[in-house]
Amino acid sequence: MLADTATLARDARAHGVGLGAFNVVLLDHAEAFVEAAENSELPVVLQLSQNAIKYHGGRLRPLGLALLALAEDASVPVSVHLDHAEDIELCKAAVDMGFTSIMYDGSKLPDAQNRDQTAQITQYAHARGVSVEAELGEVGGKNGVHDPSARTDPQDAAQFVADTDVDLLAVAVGSSHAMATRGAVLDNALIAQLKDAVSVPLVLHGSSGVPDEGIVSAIAAGMTKINVSTHLNVLFTAKVREVLGTDSHLVDLRKYCGPGNKVVRAEVERLLRLYHLQ
């Protein structure tokens with residue numbers, strides 16, 4: 001059943017559990033994520049990023065409609081979310097198509113411009129019943145806006161939500177995007193302060209780099225939506241390499257992508273259950 005991301009996140013926050021959000025590049029990914037959610041009888045967020053759309057020739061409609069169809073046919077709540085979109089017109093297109101949430105990413109912009117443009121797209125989305133996630137983090141720094149040393153100030157976060165009216169807020173608490181190893185250490189004390197200061201559910205980007213125990217502790221401290229992408233790509237790629245390594249003549253995609261998808265499905269099911277530990 002198609003569900004709203006913010007509604008799922010608010011329910012998860014109220015119960016002190018996490019909401020798993022996983023990035024889709026191919027339709028196979030989404031199918032595996034939904035099956036994992038159905039097996040665990042837990043909700044899930046299907047995320048399609050601006051970069052993934054670019055990979056598909058800049059066309060939102062084909063894969064976007066497929067994700068919506070998968071969500072509608074699912075036996076558990078499934079939301080369809082536009083992730084890390086810097087293009088305002090793409091945000092509007094996803095809203096108009098029926099996505100149940102979008103993330104407008106203005107974190108690279110000067111602070112005032114980020115707030116202004118986020119508020120504008122939020123007003124557009126809310127008028128059409130769609131929720132909005134935004135990111136507040138360091139602009140600049142050695143590693144750019146996703147520098148793991150960056151930290152979001154709780155009062156600044158509260159003011160950002162008040163200024164923009166967003167429904168979910170991604171904050172900087174020690175994680176970093178695209179980590180292929182799981183050694184990031186999160187600032188749980190800051191997470192707790194942010195939860196107390198901010199009225200909307202908090203989102204952890206870069207969760208792939210955080211070990212299981214770190215995620216569980218972060219959820220207990222107040223983190224809600226847990227975004228995962230690279231970790232699953234690592235597992236999928238390792239399995240595909242293993243299968244191809246056993247047969248140099250193998251050319252049927254189903255015979256090596258299938259095992260990769262099976263590994264991903266099992267891991268997503270495990271993570272969904274992990275995020276609901278209390």
At a Cα cut-off below 21 Å, give the lysines reachable from residue 92, other chains included and same-chain residues fewer than 8 away excluded. 54, 108
Expected max-MSF residue from 204, 26, 68 in the GNM of the chain (alpha carbon, under 10 Å) is 26
In straight Cα distance, which lysines are under 19 Å from residue 195, not counting same-chain residues fewer than 8 positions off? 225
Quick one: helix 27-40 against the long Cα principal axis of the chain, what's the angle to the nearest 10°, folded into 0 to 90? 80
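Can you sort 65, 202 by 1.4 Å-probe accessible area, starting with the largest? Each step should come with its number before you reach the end.
Details: 65 70, 202 0 Å².
Putting 65, 202 in descending order of accessible area: 65, 202.
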Which residue, 93, 125, 112, has the most motion in a Gaussian network model of the chain that connects Cα atoms within less than 10 Å? 112
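At 222 nm, what helix-only mean residue ellipticity would the chain give, in deg cm²/dmol to the nearest 500, using -39500 (n - 2.57) for each DSSP H run of four or more?
-16000 deg cm²/dmol
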Excluding exposed DSSP-loop trypsin sites (Lys or Arg not before Pro) (at most 11 other C-beta within 10 Å), longest clean stretch of the chain: 143-278
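Which of the GluC sites (Glu not before Pro) found in the range 18-107 are loop residues per DSSP with 13 or fewer other Cβ atoms within 10 Å of their Cβ? Intermediate results must be reported in sequence, preceding the final value.
Details: sites: 31, 35, 38, 41, 72, 86, 89; in loops: 41, 86.
Within the range 18-107, the qualifying GluC sites (Glu not before Pro) (loop, at most 13 other Cβ atoms within 10 Å) are 41.
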Within the set 50, 113, 123, GNM on the chain using Cα springs under 10 Å gives the largest fluctuation to 113
Hey, which lysines would be in cross-link range of residue 255, C-alpha to C-alpha under 20 Å, not counting anything within fewer than 8 residues on its own chain? 239
Alpha-carbon Rg with Dmax, taken over the chain, Å: 17.9, 59
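The values are calculated or read from the model by the stated rules, or taken from the named source; none is laboratory data. Everything numeric in this text was worked out from a predicted model, so none of it was measured. Cβ sites come from the backbone with ideal geometry, for glycine too, and all protein chains shown count toward neighbours. These accessible areas exclude ligands, DNA and RNA; they are computed on the full protein's heavy atoms, side chains included. Shrake-Rupley method; radii C 1.70, N 1.55, O 1.52, S 1.80 Å.
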